[in-house]
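Below is one structure; the comments refer to it alone.
The values are calculated or read from the model by the stated rules, or taken from the named source; none is laboratory data. Not measured: the values here are computed from a predicted model. Ideal geometry is used to build each Cβ from the backbone, glycine not excepted, and the neighbour counts take in all protein chains shown. Each accessible area value is taken on the protein alone, full model and side chains, heavy atoms only, with ligands, DNA and RNA left out. Shrake-Rupley method; radii C 1.70, N 1.55, O 1.52, S 1.80 Å.
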Amino acid sequence: IKIMKIYISLIFVSILLVSSVVYAEDSIVTDTTQNTPITNLKLDNSRQFKEKLGSIRQELKDKKLEVQNTIKMDKETNKVELDAKRQELKNTIETKKLEFKKEMEVKKEALKTKIETAKVKLTNDLTKIKDEKKKQKVVNIVTKVAELNTKAVERLNNLTDQINESLLKIEARANDGATRGLDVSTTLLSVTRAKASVAEVKALILAQSTKIYTANITTDLTLQTEMSKVKESFNTDIKVLSDKVKAVHEEVKNVAVTLTQTPNIDNVGQSTTPIETTKVDDITKTNN
């Protein structure tokens, strides 16, 4: 900005000097009553003006070139910084995903033991049922619910990862704005709260991944009621979890809105909007 002001000032000075030269030349043409020495003096002054003007014009060209080079260097520097920030953000996202994946793997190992225990219990419970078709139906329902739970957890987890990525991008843009002197304190406070919400949802997803749905099988008469309870329990759990993901999505959208309302933020980085979560509703649909 300072360089541009200097550039404009030089242009203004050059205009004034041009005007002075023109005025001097007019005086030479019209003032025929003066003797020759004075006329020569005015001609000398005119040459001095022209030489000075030429010098300023050259200086102006040099300054213009300097400004262009500075702008070019600034663009290159900003590009390098932006690429570095993007890579840093990408690394942060990948690290978070890897950490959660490791946690999931640990939980899966523990889940295997729980599944085997549940299978043994189910096999023992089914000895109380005489109808083979009913026995098979119970096995099918338990297996189906387990599959649906795995799919729902994976989809909700991926969706939460996308929401978190948007949040981290918003945070990066807000931090960039802060380094440029913009007041983004409200946005950064909202980001901190949203991060806590994301962490809470992640913990709930992790807990849901380890759940096993079993029935209290006693007699043929109560079998249908017990299996309905299994499906209802699963549907309720997934509905609660998907609502939590929706709530986090709305929270991150609000954070984005807060950032866009910051004066002059459009001059910083790229605009970021959270991803849509319309598919969350599909996760709660199960086969009855």
Heavy-atom accessible area of Glu154 with all protein chains present, probe 1.4 Å, nearest 10 Å²? 100
Ignoring everything but the protein chains, give the 1.4 Å probe accessible area of Arg193 in square angstrom, nearest 10. 140
By how many nm would the segment from Asn124 to Thr179 grow when fully extended, if each residue of separation counts as 0.36 nm and the alpha-carbon distance is taken off? 13.2 nm
So, relative contact order of the range 152-250 in percent, Cα under 8 Å, 6 or more apart, is 36
Neighbours of Val120 by Cβ distance under 14 Å: Lys/Arg at +1, Asp/Glu at -1, summed charge +2
If you wrap a convex hull around the C-alpha atoms of the range 102-234 and split its volume per residue, what is the figure in Å³? 99
Work through the residues other than Gly177 whose Cβ is under 11 Å from its Cβ and net out their charges, Lys, Arg +1 and Asp, Glu -1. -2
Estimated FRET transfer efficiency when R0 is 30 angstrom, pair Thr222-Thr113 (beta carbons, to 0.05): 0.60
Starting from 0.36 nm per residue, how many nanometres of slack lie between Ala207 and Thr70 once their C-alpha separation is accounted for? 43.8 nm
Nearest-0.05 FRET efficiency for Thr143 and Val257, computed from C-beta distance (R0 35 Å): 0.20
For Thr236, Thr222, give me the order by solvent-accessible area with a 1.4 Å probe, most accessible first, ignoring ligands, DNA and RNA. Thr236, Thr222
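Holding the Cα-Cα limit at 25 Å, pick out from Lys119/Lys151; Lys169/Lys244; Lys97/Lys195; Lys144/Lys195; Lys114/Lys135; Lys107/Lys244 the pairs that are longer than that. Could you put the intermediate results ahead of the total?
Values: Lys119/Lys151 20 Å; Lys169/Lys244 21 Å; Lys97/Lys195 14 Å; Lys144/Lys195 34 Å; Lys114/Lys135 21 Å; Lys107/Lys244 21 Å.
Check vs 25 Å cut-off fails for Lys144/Lys195.
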